[in-house]
Structures are given as structure tokens and as C-alpha cells.
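Read-outs throughout are calculated quantities, based only on the coordinates presented, and are distinct from any laboratory measurement. What you are looking at is a predicted structure, and each value in this text was computed from that prediction instead of being measured. Note that we place each Cβ from the backbone using ideal geometry, even for glycine, and neighbour counts take in every protein chain shown.
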Amino acid sequence: MTWGKLQPMSDAHTIVVTGASSGIGAAAVRLFHEAGHQVVVVGRDPQRTAAVADALDCAPRYICDFTRLDDVRRLAAQLQAHHPRIDVLANNSGGMFDGFAVTADGFERTLQVNHLAPALLTRLLARNLVEAGGRVVWTSSMSIRMQKQVKVDWLAAVPLAPAAQPTVADLHPLVRNSQAASGTFHPLARYAQAKLAMTHVAVEMNRRYSDRGLASVAFHPGVIASNFGSGTDTFIGRAYRGRLVKALFTSPTTAAQRLARLALGTPGVDFQPGTYVQGRGAKSFPGSDDASVAQQVWDRTENLLATIVD
Ligand SMILES: NC(=O)c1ccc[n+]([C@@H]2O[C@H](COP(=O)([O-])OP(=O)(O)OC[C@H]3O[C@@H](n4cnc5c(N)ncnc54)[C@H](OP(=O)(O)O)[C@@H]3O)[C@@H](O)[C@H]2O)c1
């Protein structure tokens, strides 16, 4: 299979992509649609989501704000009602946000949008994915490799105690030195910790579900010219908004091809399930050499979600 332009599939899949209203997600649904798959477009902004879906022969579209876990539950119920067979779930939505904000569900916003909401959606759709012998692809970030360790305390308290929040001190020294210590709550540290937790859940999901035919894998999409960074005024946000710098970044289409390789490729051949993929293959990340860390992150995530769902 070539990943530049997907070959038309005789066996069309139903592929749900979150964060499909722009950037990598929008490019991914275009790629899958062109190859003849049934894409399901999930976005937060109704107009941007409709614009993407309308351009794909009016593909089904759903609106969901990940800062609201009720929205995630409603989305899962809608997907189950209208698309009982889900072959691929691409947990792609996410972002970095300035300022400390607690959602209506009582979680820190960055943690909820990047980790808890996709974990909840996946948990609610797990039966459908297992029945399809499906795949879960999690859009992570190379920022996870700049963390010293996963800050599991962050996943321990609701609402989150300020002392448990990731700070600039959690960043790798190489990154830390280039960051202004902008207060206690550091957007990059929080983003990276949320993606790190998500990546551990991706790995642990594969361990728990692979014998039922489901494969789960996380990946770094590259440094991609998208709307990423629009929620932060850190140097990262400014870089993503700067036209000159952005011209050096990789296109969303290339990131979508990377996503497609994991979504449709052959496990064990095109990628290794239960890993974090960056560049040509699986890469280590903080805690990846100790299976108990992923189990701990999984359990703590389940505990947090149980306070909401059960
Ligand atoms: N671009 C990069 O270099 C890069 C690098 C590493 C990882 N990533 C990850 O790649 C993924 C896709 O990002 P992108 O680069 O394509 O950026 P993007 O263009 O900003 O797309 C992000 C998507 O996530 C959605 N989203 C943001 N907050 C949300 C919320 N509260 N509820 C529901 N959806 C929400 C956005 O919706 P709206 O359209 O409504 O904003 C958008 O559809 C993200 O998880 C990001 O963290 C990106």
C-alpha cells in the first residue's frame, strides 16, 4: 500500500476522526474519503466541521466539545446509534492552552481535552471497536519525550491541587532553559504531561485488548503547519502563527499519511501495535520501559472517569 495517495479499498472501513475541523484531522478525512472509506467527521466548531464534511460528499458530522464530558457521552451514543461498526477511531483532537482553567467536570482543561475526553470516548466505543477487530490511533506529541517522567499525581485529584500541576520544573532541562518560567502552570508542561498520559493509555489499551483483535498505537505527527498553537502565547504558539517559521513546517497532508499508515497498515509490518511511533518507528518515552507505569496511568484514568460516568 502506498501512503502518499491511498489505494481505493475494496474493503471500505468506517473511520471516525476527532479534531477533523482543521489541520491534520481535516487532511486525514480527505485522504480516507478519497480512498473510498466511510469517514465520520468530528469537530468542535459547527461551521468549520460542516465545511470539511460538506466537501466530502456530505459526510456524517458530529459536534463535540471535549471540555464537556457530557458532550463526549452524547457523541459516543450518536456514533453507536448511526455507525455501530467502527473500524478505526483516530483520537486526534487536542491542543495547548494558556491559563489555568477547570472544566465543568472539575478537571484541568488541558488534561481533559488531550487525555481524559479521548480516553472516555474510546472507553465508550470499545465494544464497537472490538467487534470490528478495529484500531485506535492516538495523536500524541514528541513533547512527551521532553518530560522527565509521567506525573501520575496529576491524575490523582479532582479538582486538581495546584501542587500536583505540571510546572516548568517538569520539563527536560534542554526545553526548560528556553522557556520563561511563566508562573506555576506551564502550558507546554501541561500539554506534554497530558499527551504522555494519553500515550501510556494507548499502550496499555493494546496490552489489554490485543487478544480481542484490537490494535492501539500512538504517534507523533511531525511539526505540522496547522492551527496548533492558536490557544497559547508561548514561543510555540508564536512560532506556529508566524508565516516565515510555518513555511518550514511539514504539511497536514504528510501528517495525515502518517496517521493513515497506522490506521490502515498491517500491524507488525507497517507498525508495531502498543507503541509510540515517531519518525520511522517506535520510540521510547518516559515510563515506556516499565509496564507498571502504563497500568498505573490506565487505572488512575479509569478512576477519574468513573467519578463522572458510573
Ligand atoms: N501541529 C503540530 O505540529 C502537532 C505536533 C504534535 C502533535 N500535534 C497534535 O495533533 C493533533 C491535531 O492538531 P493539529 O496540528 O491539526 O492542530 P489544529 O489545526 O489546531 O487541530 C486541532 C483540532 O482539535 C480540535 N479541538 C481543540 N480543542 C478542542 C476541544 N476542546 N474539543 C474538541 N475538539 C477540540 C480543534 O477544533 P477547532 O477547529 O474547533 O479548534 C481541531 O479540530 C492535536 O492533538 C495536536 O496536539 C500537533
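Size of region 1-141: Rg and Dmax of its alpha carbons, in Å, are 14.7, 48.
For the pair ARG207 and GLN295, the difference between a 0.36 nm per residue extended length and the Cα-Cα distance amounts to 30.7 nm.
What you get for region 14-309, charging only the Cβ of Lys and Arg (+1) and of Asp and Glu (-1), is a dipole of about 500 debye around the Cα centre. Each of ILE144, GLN80, PHE107 was placed along the dipole of region 14-309 (beta-carbon charges, centred on the mean Cα), and the one lying farthest toward the positive end is ILE144. Ordered by the number of other Cβ atoms lying within 10 Å of each residue's own Cβ, fewest first, MET198, MET146 fall into the sequence MET146, MET198.
Dipole size in debye (nearest 20) for region 85-145 around its Cα centre, Lys and Arg Cβ +1, Asp and Glu Cβ -1? That gives region 85-145 a dipole magnitude of about 200 debye.
Gain on full extension, evaluated as 0.36 nm per residue between GLN47 and GLN272 minus their Cα-Cα distance, stands at 77.3 nm. This ranking places VAL223, VAL39, VAL52 by how few other beta-carbon atoms lie within 10 Å of each, fewest first, which gives VAL223, VAL52, VAL39.
Put a dot 7 Å past the Cα of ARG280, heading toward its Cβ, do the same for VAL102, and the two dots end up 4.8 nm apart. For region 190-300, the extents of the C-alpha atoms along the principal axes are 47, 31, 19 Å, listed from largest to smallest.
Taken over the chain, lysine pairs spaced eight or more positions apart, or on distinct chains, with alpha carbons under 25 Å apart number 7.
Axis angle, to the nearest 10 degrees, between helix 69-82 and the longest C-alpha principal axis of the chain: 10 degrees. Could you tell me which of rounded, prolate or oblate describes the chain, using a ≥ b ≥ c as the square roots of the eigenvalues of the alpha-carbon gyration tensor, with rounded for a/c under 1.5 and, failing that, prolate when a/b is larger than b/c and oblate otherwise? Since a/c stays below 1.5, the shape of the chain is classed as rounded. Only one residue of ALA26, ASN303, LEU89 has its Cα farthest out toward the positive end of the dipole of region 14-309, where Lys and Arg carry +1 and Asp and Glu -1 on Cβ, and that residue is ALA26.
Here is the list for region 69-138: trypsin sites (Lys or Arg not before Pro) lying in DSSP coil, each with at most 15 other C-beta atoms within 10 angstrom of its C-beta, are ARG85.
Taking the fewest neighbouring Cβ atoms within 10 Å as the starting point, the ordered list for TRP138, TRP298 is TRP298, TRP138.
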